[in-house]
Amino acid sequence: MAPSRTAGSSLIPSGESSAKPPLVGLARSLSSWFHRATGRLERHPVAFHSLSGVAVLAIILLLASSQALPAGSLPILGICLLVSFLLGSLCLYIWTLQPESMRRPKNLFLLASVILLAVAITRYFLFFIPSVNQALPNVPLSALEYSIPVGLGGLLLTVLFNSRLAFAGALAISILTSLLTSAGLRFFLFSFVGSLTAIFALVGRKDRATLLGAGVMVGLANLYFILVWSLLSGATESLGLQLLCGAVNGLFVAILSLGLLPVFEYLFEVATDFRLVELCNLNHPLLKEMILKAPGTYHHSVVVGTLAEAAAQAIGVNPLLCRVGAYYHDIGKMTKPLYFVENQANARDRHGKLRPSLSSLVIVSHVKAGIELARAHGLPPAVVEMIPQHHGTRLVTFFYDKAKKVQDPDLGEVEEENFRYPGPKPQTKESAILMLADAVEASSRTLTERTPGRFQGLVAKIVTAIFSDGQLNECDLTFRELRLIEESFIRVLCGVYHPRVDYPGFVFEGPAARREFNQRELSRAGILKFTLERPPARGEGDDDRGQKPTKEDQDRHHLPKKGRGDHPR
Ligand SMILES: [Fe+2]
Ligand SMILES: [Fe+2]
């Protein structure tokens with residue numbers, strides 16, 4: 001369901017898009033229309049609050065249509081007060097005990113939509129249960145009520161938000177749905193047990209297959225609850241059918257969550273753990289394209305991902321978001337890969353003939369290009385926002401210093417602001433970690449001696465420089481967390497640049513390695529009779545003269561003269 005790719009960036013033949021089924025195209029059009037609409041609405045929070053109000057009104061209307069409540073205006077007034085209390089408590093909970101990012105109007109609308117969906121599904125099932133009962137008179141209504149997938153709400157809230165909010169939301173959903181049936185307490189307990197099981201079944205799970213497992217767990221919890229309630233009430237006549245309906249309930253929860261979750265993810269652009277795991281897949285079109293166009297940047301991104309993920313784990317923030325942010329933070333470099341040193345290899349330096357100010361513009365432009373590519377490929381906003389924030393408003397130091405050296409004194413001082421990234425500075429701990437990991441990885445490549453002591457000094461210098469530049473002013477990192485991040489960086493760098501034991505029989509460096517390489521090439525071409533397998537003759541050792549072709553060999557076989565035979569490696 002990734003949105004269509006930009007023509008300039010795609011390595012996939014254009015025919016691919018035309019081969020897509022029309023339904024996929026329709027889904028993409030609807031999704032992009034919804035994103036544009038919500039993007040515009042986000043600039044006007046009142047609009048989203050109004051939509052949340054509409055969702056709350058729909059919940060009230062669904063509850064008011066319940067057959068279990070007495071007719072009249074007083075029950076409706078009671079419903080209004082109860083819904084206001086429950087949803088107001090949820091809002092208060094979000095404002096006081098949840099992260100600030102949860103307070104966005106879009107998230108509140110998403111929360112109201114999930115609760116509305118849970119209530120609507122329950123109402124829909126209760127509407128059709130009498131008809132099913134007529135068709136299957138042997139199955140009592142109480143058994144059919146156990147097939148209502150009321151645990152779905154808690155499951156969706158766990159994946160879309162977090163388990164703490166899901167716990168509070170499940171409580172509200174259980175209270176509201178219990179108003180729809182005549183068996184109020186029984187249905188409340190049944191709903192709450194199912195929801196809690198779904199929440200606990202998903203803790204720490206990061207792939208969609210676990211939704212099936214959560215459905216199975218909900219089914220088992222239903223069986224347990226039905227058995228307990230039957231024993232408590234002494235009504236065991238239709239226990240078998242009740243247990244069967246409870247098991248089917250788990251199946252409904254799994255199927256509906258698998259179908260509905262991607263809809264919420266794409267419509268509301270939520271970076272759920274499931275979505276982030278999918279984006280970590282190195283077969284993602286953007287990453288595959290980066291391997292071909294900018295291999296140096298690709299490798300840099302993977303190492304930054306390892307550094308950032310370890311640091312996030314050390315301070316208890318989202319490691320998966322850090323890894324995904326790192327994988328995609330420099331995708332904008334694909335538009336001009338050879339202007340970035342990690343992709344130049346043996347190519348000439350493209351900045352040689354450019355003015356420093358122009359070079360700086362080219363370097364800075366990878367941020368804007370990255371944002372455009374990320375949006376075109378439908379990356380979640382949480383990942384897109386990390387692209388500009390990984391540089392914040394830092395200075396492009398290399399070209400700023402170069403500009404100062406070549407600047408004509410008559411033209412005045414070089415403006416530092418012209419050599420800074422546009423920002424914004426990191427707004428979250430994850431973005432701050434990415435900024436630090438990016439700078440540490442890049443500078444670690446300049447080290448010739450890679451020892452723990454050198455890494456410690458490098459990491460300390462980089463973190464101090466970024467902190468002193470004020471780049472961490474707008475995120476909530478504490479000094480203690482910075483120390484933990486530094487320690488994890490040093491640990492990972494020591495692991496990445498670990499030493500290895502020698503390979504017996506192989507020499508990779510120095511004159512002996514060159515001699516061995518030449519010997520192998522000549523032997524392969526059949527020019528010289530000796531091979532690598534031949535044990536070195538007495539006196540050959542590491543002496544260059546021992547294995548070099550003689551003057552006679554060179555004349556006979558037109559071999560290159562000294563100094564021209566080294567193969568470029
Ligand atoms: Fe970058
Ligand atoms: Fe980078």
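Normalising by residue count, the range 262-396 has a Cα convex hull of 109 Å³ per residue.
Taking the average, over residues, of other Cβ atoms within 10 Å as the packing measure, peptides 168-177, 225-234, 255-264 rank 168-177, 255-264, 225-234 from highest down. Backbone N atoms of the range 113-142 closer than 11 Å to the 7 Å Cα→Cβ label point of Ala235 belong to residues 140-142. The residue among Leu447, Thr393, Gln471 whose Cα reaches farthest toward the positive pole of the charge dipole of the range 380-526, with charges on the beta-carbon of Lys, Arg, Asp and Glu, is Leu447. Measuring against 22 Å, Cα to Cα, the residue pairs Lys353/Lys404; Lys336/Lys425; Lys368/Lys402; Lys106/Lys333; Lys288/Lys368 contain Lys336/Lys425; Lys368/Lys402; Lys106/Lys333 as the ones spanning a longer distance. The local environment of Arg275, defined by Cβ-Cβ distances under 12 Å, has a net charge of -3 under the rule Lys, Arg +1 and Asp, Glu -1. For Gln407 and Lys368, the FRET efficiency from 1/(1 + (r/R0)^6), where r spans their Cβ atoms and R0 equals 35 Å, is about 0.85. In this Cβ point-charge picture (+1 for Lys and Arg, -1 for Asp and Glu), the range 319-418 has a dipole of about 460 debye about its Cα centre. With point charges of +1 on the Cβ of Lys and Arg and -1 on the Cβ of Asp and Glu, referenced to the Cα centre of the range 44-270, which listed residue (Ile59, Ala247, Ala135) lies farthest in the positive direction of the dipole? Projecting each Cα onto the dipole axis, the largest value belongs to Ile59. Put the Cα centre of the range 75-98 next to the Cα centre of the range 450-466 and the gap is 50 Å.
Readers should treat all values here as calculations from the given coordinates under stated rules, not as data from a laboratory. Bear in mind that the values here come from a model prediction, so they are computed numbers and not experimental data. Cβ atoms come from the backbone with ideal geometry, glycine included; neighbour counts cover every protein chain shown.
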